[in-house]
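One structure below.
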Number of protein chains: 2
Amino acid sequence: MHPDWIALDWGTSNVRAWAMDRAGGVLAEASSPRGMATLSPAEFEPAFLDLVSDWTLPDACPVFACGMVGARQGWAEAGYQAVPCAPLSGTPTRVETLSDQLVVRIVPGLSQTRPPDVMRGEETQIAGFLSPNPKFDGTLILPGTHTKWVQISAGEVVSFQTAMTGEIYAALAHHTVLRHSITDGWDDAAFLDAISDGLSRPEALATRAFQIRADNLLNGLDSSTAAARLSGLLVGAELANARPYWLGLPTAIVGAPKLVSHYAAALKAQGVAPLIARGDACTLAGLKAARALWKET
Amino acid sequence: MHPDWIALDWGTSNVRAWAMDRAGGVLAEASSPRGMATLSPAEFEPAFLDLVSDWTLPDACPVFACGMVGARQGWAEAGYQAVPCAPLSGTPTRVETLSDQLVVRIVPGLSQTRPPDVMRGEETQIAGFLSPNPKFDGTLILPGTHTKWVQISAGEVVSFQTAMTGEIYAALAHHTVLRHSITDGWDDAAFLDAISDGLSRPEALATRAFQIRADNLLNGLDSSTAAARLSGLLVGAELANARPYWLGLPTAIVGAPKLVSHYAAALKAQGVAPLIARGDACTLAGLKAARALWKET
């Protein structure tokens, strides 16, 4: 297995590498749970070499990386490009490696001055989505730990808005009294009911959340229903806040299939019919676009 | 030190005992961090005897207890009384103890059917507040991990609403990316600005919370300001949801002085002038009321 270059998606909690051939085909994949949060800066290079140890690297093997690997606590800090700009803008950060066999470049993140906001990793997915859809004009939604709502026009990111919905869900489900009443299950009807409730009464979140606990104590509320209800309350409030991003505009959701299906169902209930794309496919397409753009940097 | 009886406030994370004389005076106090969450049911009795080991207990020493000690996972389950009812209603649960020197009774909590809600411990504080204010007709606010908004009329709890604002604050400040940007500090102006923001745009919580992180990354936002801003966003949304409880009604806040002062400042900014009472004094007064009411049960 002799890759021409390596595409690398290194996030907070996972890392994934693709061995690429010259024509942009994938020869092999490797992944591990050694995400950025588990590593000190000096540990990235050995972790990377370990991850790709089954592959025979060429001399000065190009590696294009995106994600939290470029954070201040990552392999090397990659900075931010200020919007409005194309999703791949500025210049990638060249990582100083101990091995002279590697030429590692990290894609810069994007920042916004007012209101203050940042993204790191999603810019690559946006570029990957736009590769086959260069004329897309509307809103990209990238649901996850920190969901991004991104206004796209003429191939540029005009503005964006983060909602830390996924992380708030996890904090409430695992680090409050709700942990006694919530499991990993799901309930579509409860989710859609809660979407409607969260959209119309977002101020009730802290009360509705406790009602989930009380409903479990007093009425034996099912823990899967509880999970979907909490998620719906949060996503409903998020939709209320992001209304200028989806009302009357073309939308596309990019992400993991299950999460994408939840956001798609929530938007469809509001009369919106989003396009859908896989997050990992967009990441890979974006890293290929980064390599094409910055091959000579 | 020979108490006539013992008043006991046993919460999730702390326990506090008062040695009482026959006239209702306090002879001594003892407290420890051995809250309900740290104990199995069988460990409560030895923990209690350890807590009061400096005191000489009378035969069949009456102990009146409130708080999470009466939860399913507590010393003995104390059940709930359904509102509307007086804050001390029903009958206390008599705990089966190994020692025949103790007669321990736990105050029942209160429950509400629709919307489902529960309280445990606050009913005693409410009774304690009403002892010297029997004609109070309006809203009691008991801020804390689970803030209670309680409609009082004719000496009864008519309805109540919980907002788990304090616990959501702690989960976000300690178990999300905000932990890198928030400390235990405070900033009055930032709190009041965020109250106003949270009241008018409660749907923006998940986005405003991430902006705290981005503002810290991009502009070096002070971590005390960040703490007060997050708290204000949450309390502002809580005020929006609790509007029917405070708009145009007499209000009183019962709790720990610092937290009470934050809620009082937030309400004053809305033109409301709440009465203020200390939570621990109300708890003790409520336990005295419980003893007077249930001495013979």
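Counted over region A:58-180 with a bin width of 5 Å, the fraction of Cα pairs per bin, in whole percents, is 2, 11, 18, 19, 17, 13, 9, 7, 4, 1, 0. Most simply put, the protein assembly as shown has about 60% antiparallel DSSP beta bridges, counting only bridges with both residues inside it. Over all projection directions, the Cα-based convex hull of the protein assembly as shown averages an area of 29.4 nm². Rounded to the nearest 10 degrees, the angle from helix B:223-241 to the longest Cα principal axis of chain B is 80 degrees. Partner shielding of B:194-207 amounts to 6, given as the average count of beta-carbon atoms from other chains within 10 Å of each residue beta-carbon.
Around the Cα centre of chain B, unit charges on the Cβ atoms of Lys, Arg, Asp and Glu (plus for the first two, minus for the last two) sum to a dipole of about 600 debye. For chain B, what does the alpha-carbon gyration tensor say about shape, rounded, prolate or oblate, given a ≥ b ≥ c as the root eigenvalues, a/c under 1.5 as rounded, and a/b over b/c as prolate? Note, shape of chain B comes out prolate. Across every pair of non-identical alpha carbons in region A:163-278, the mean reciprocal distance, once inverted, gives a Kirkwood radius of 14.3 Å. Taking A:W18, A:W55, A:W149 as the candidate residues, the one with maximal mean-square fluctuation in a Gaussian network model of chain A, Cα springs under 10 Å, is A:W55. Between helix B:188-200 and chain B, what is the angle of the helix's C-alpha long axis to the longest principal axis, kept within 0 to 90° and rounded to the nearest 10? On a 0 to 90 degree scale, this one is about 80.
Residue-normalised convex hull volume from the C-alpha trace of region A:229-283: 82 Å³ per residue. Once the Cα atoms are used to define both axes, helix B:205-219 deviates from the longest principal axis of chain B by about 60 degrees. The residue list B:G90, B:A37, B:L102 was ranked by how far each Cα lies along the charge dipole of region B:5-120 toward its positive end, using unit charges on Cβ atoms, and B:G90 comes out on top. Between the listed residues B:L172, A:L140, A:T225, the Cα displaced farthest toward the positive end of the dipole of the protein assembly as shown, a dipole computed from Cβ unit charges relative to the Cα centre, is found at A:L140. Give the average, rounded to an integer, of partner chain Cβ atoms located within 10 angstrom of each Cβ in B:177-188. Other-chain Cβ atoms within 10 Å of each residue's Cβ, averaged: 1. Each copy carries a label point for B:D54 at 7 Å from Cα toward Cβ; from one copy, the others' points are 6.6 nm away, ordered from shortest.
In terms of surrounding Cβ atoms within a 10 Å radius of their Cβ, B:Y169, B:Y80 rank from fewest to most as B:Y169, B:Y80.
The average projected area of region B:5-120, computed from the convex hull of its Cα atoms over all directions, is 7.4 nm². Just to be sure I understand the curve: with the Debye formula and one point per C-alpha of region B:206-255, what is log10 I(q)/I(0) at q = 0.24 Å⁻¹? For the requested q values the scattering log ratios are -0.87. Relative to the Cα centre, the charge distribution of the protein assembly as shown, modelled as +1 at Lys and Arg Cβ and -1 at Asp and Glu Cβ, gives a dipole magnitude of about 1140 debye. The distance linking region A:19-71 with region B:82-148 is 59 Å (Cα centroid to Cα centroid, whole angstrom). Residue by residue along A:215-223, Cβ atoms of other protein chains within 10 Å of the local Cβ number 3 on average.
Per residue of chain A, the DSSP helices (runs of n ≥ 4 H) give a summed -39500 (n - 2.57) that works out to -11000 deg cm²/dmol at 222 nm. The GNM of chain A, with springs linking C-alpha atoms under 10 angstrom apart, assigns the highest mean-square fluctuation among A:E203, A:E122, A:E45 to A:E203. Taking the alpha-carbon centroid of each part, what is the distance from region A:233-297 to region A:176-226 in angstrom? Result: 25 Å between the Cα centres.
No value in this document is a laboratory result; all are computed from the given coordinates. Computed from a prediction, not measured in an experiment: that's the story for all the values here. Glycine gets a Cβ as well: all are built from the backbone with ideal geometry, and neighbour counts include every protein chain shown.
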